[in-house]
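The block underneath contains the structure these notes are about, expressed in structure tokens.
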Amino acid sequence: MLLLAYRHILVAYWREPVFRYPILVFEGDDWGAGPLEQAQALDALRQILKSHRDQSGHYSVMTLGVILSIADTEAMRADKEAEYIRLSLDHARFEPVLAAMRAGINEGVFTLQLHGMEHYWPPAVMAAARIDAQVAAWLIKIGIAHSEELPSRLQSRWIDAVSLPSQPLPEAEIYAAVVEEVKVYMQIFGAKPVIAVPTTFVWNNVVERAWASQGVSCVITPGTRFESRDGQGRPQGDGKLILNGERGESGVMYLVRDKYFEPKLGHRAEKGLDALALQTECGRPTLLETHRFNFLGDPAQSKAALAELNRLLVEARAHYSKLRFLSTHDIAEAIVSQDTSLITIVPRVRLHAWLARISKVSRFWKLARLTGLVVPLWLLRKWAA
């Protein structure tokens, strides 16, 4: 009866691809249009990533979730019409940032993902500015604006969160915005994006369909989907589980990024190593989410964050001789092609990963202990080891 009750999740965990090797990739969000000190931070990250190779000779990799524009606060201070004016990443002011990004791309330590034209929905920010002095001041601040300084609810791009609970955006506006951001991305980087990362992980099927229509084939998720913000501003979804390799209604593939490495929030190298150990046991790639704020601002804190990143890589290479450094694009392609050099089809190995996965389903495992089901599962695990 217990197996019957949990049959859907048990089958889904069995179908999820099982990777042969420990895989580690850093998923960096919010890079692009914003503070110019990003250039120095990206250069520092590039040097660390270049100092670590896996057994195949590949450098360690950080994906950059790219923000393509930010409010042009200087122009908006001078604009009597009080209209939204954007400053695009290809503006001359951002040349040092763009140059640092391109240097890492050319060296193979950075890969790109679409994060959004802005890290917010401009009409919502403009509407909020009429009733919120903090937002109004942000739009005309001296210097380049930081999207992190906006209220968190407004940092979700694909909803109207002027008031809470949030409201959905019109479908036509979503499609027009996606077409525009993909066009700008292509103008700057010379190719369409194939992977998208929803800002604050709030998006819906309309956004997904719009991305797919413009060539996006993979969406990074936190293992579920949030579609709105509730009355307290918290992301809200249906709670449905998403696993690596599953596909949405539009055909886009999902990858799961549900582990975090944020040194400025107190995360040490050990946190990343624990995530790597867990994901490796479960036959999953380790996608560690991190944000640009960890490497900007206070010099001492930024230096410490870089040191923790380097220590994590040193320790990971020491503990895992077969460690692979791949990008999320590499991982997605391996799943699509069922690349058996990376994904195992050996039943015994898959069984070991499946048992590790289901043992992390807290309620199921508690009931398995109460019913005695844990005994045959334990015996299976001993056999599969």
For this session: Sort out which residues of region 1-25 are modelled with pLDDT under 95 and not in a helix (DSSP H, G or I), and write them in order of number.
Result: M1, Y6
Problem set entry | Qualifying position, being buried (at least 17 other Cβ atoms within 10 Å of the Cβ) and either out of contact with any helix residue (DSSP H, G or I) (no Cβ under 6 Å at 6 or more places or on another chain) or assigned to a helix (DSSP H, G or I) (or both), among V162, V125, V179 | V125
Exercise. Looking at region 69-77, is at least one residue touching a Lys or Arg at 6+ places or on another chain (Cβ under 7 Å) and either part of a loop (DSSP other than H, G, I, E, B) or of a type in the set (D, E) (or both)?
Worked result: yes
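To keep it simple, each residue is scored yes or no on (1) in a helix (DSSP H, G or I); (2) surrounded by 19 or more Cβ atoms within 10 Å (Cβ to Cβ); (3) of a type outside the set (A, V, I, L, M); (4) in contact (Cβ under 8 Å) with a residue 12 or more places away in the chain.
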position: S302; (1), (2), (3), (4): yes, yes, yes, yes
position: L309; (1), (2), (3), (4): yes, yes, no, yes
position: V314; (1), (2), (3), (4): yes, no, no, yes
position: A332; (1), (2), (3), (4): yes, yes, no, yes
position: V336; (1), (2), (3), (4): yes, no, no, yes
position: R357; (1), (2), (3), (4): yes, yes, yes, yes
Exercise. Is there a residue in region 264-283 that is surrounded by fewer than 16 Cβ atoms within 10 Å (Cβ to Cβ) and not in a helix (DSSP H, G or I)?
Worked result: yes
Exercise. Within region 316-330, can you find the residues that are touching a residue at least 24 places away in the same chain (Cβ under 8 Å) and buried (at least 17 other Cβ atoms within 10 Å of the Cβ)?
Worked result: A316, R317, Y320, L323, R324, F325, L326, S327, T328, H329
For this session: Among what's in region 132-150 and is without any contact (Cβ under 8 Å) to a residue 24 or more places away in the chain and not charged (D, E, K, R), pick the residue that is surrounded by the fewest Cβ atoms within 10 Å (Cβ to Cβ).
Result: A133
For this session: State yes or no: is P35 over 19 Å from L342 (Cα atoms), touching a residue at least 40 places away in the same chain (Cβ under 8 Å) and in a loop (DSSP other than H, G, I, E, B)?
Result: yes
Seminar exercise, completed: Of the candidates I343, I358, I331, the one satisfying the condition of being of a type outside the set (S, T, Y) and farther than 30 Å from V194 by Cα is I358
For this session: Give me a count of the residues in region 228-256 that are outside any loop (DSSP other than H, G, I, E, B) and in contact with a Ser or Thr (Cβ under 9 Å, 6 or more places away or on another chain).
Result: 9
Exercise. Of the residues G28, G104, which single one is closer than 28 Å to T286 by Cα, not in a helix (DSSP H, G or I) and not hydrophobic (A, V, I, L, M, F, W, C)?
Worked result: G28
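Conditions tested, residue by residue: (1) touching an Asp or Glu at 6+ places or on another chain (Cβ under 8 Å); (2) small (G, A, S); (3) at pLDDT 95 or above.
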| position | (1), (2), (3) |
| --- | --- |
| G237 | yes, yes, yes |
| S250 | yes, yes, no |
| L255 | no, no, yes |
| K259 | yes, no, yes |
| L278 | no, no, yes |
Exercise. Scanning for something surrounded by 22 or more Cβ atoms within 10 Å (Cβ to Cβ), touching a residue at least 12 places away in the same chain (Cβ under 8 Å), under 17 Å from L150 (Cα atoms) and not aliphatic (A, V, I, L, M), does region 86-109 turn up at least one residue?
Worked result: no
Problem set entry | Candidate set from region 191-227 (those that are under 18 Å from the mean Cα position of the chain (by Cα), surrounded by fewer than 22 Cβ atoms within 10 Å (Cβ to Cβ) and small (G, A, S)); member that is nearest to R153 (Cα to Cα) | G223
Exercise. Filter region 26-40 for residues that are surrounded by fewer than 23 Cβ atoms within 10 Å (Cβ to Cβ) and of a type in the set (A, V, I, L, M); which is nearest to L273 (Cα to Cα)?
Worked result: A39
Exercise. Which residue out of Q113, Q155 is within 18 Å of K183 (Cα to Cα), under 20 Å from the mean Cα position of the chain (by Cα) and polar (S, T, N, Q)?
Worked result: Q113
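The values are calculated or read from the model by the stated rules, or taken from the named source; none is laboratory data. Computed from a prediction, not measured in an experiment: that's the story for all the values here. Counting neighbours? That spans all protein chains shown, and the Cβs are built from the backbone with ideal geometry, glycine included.
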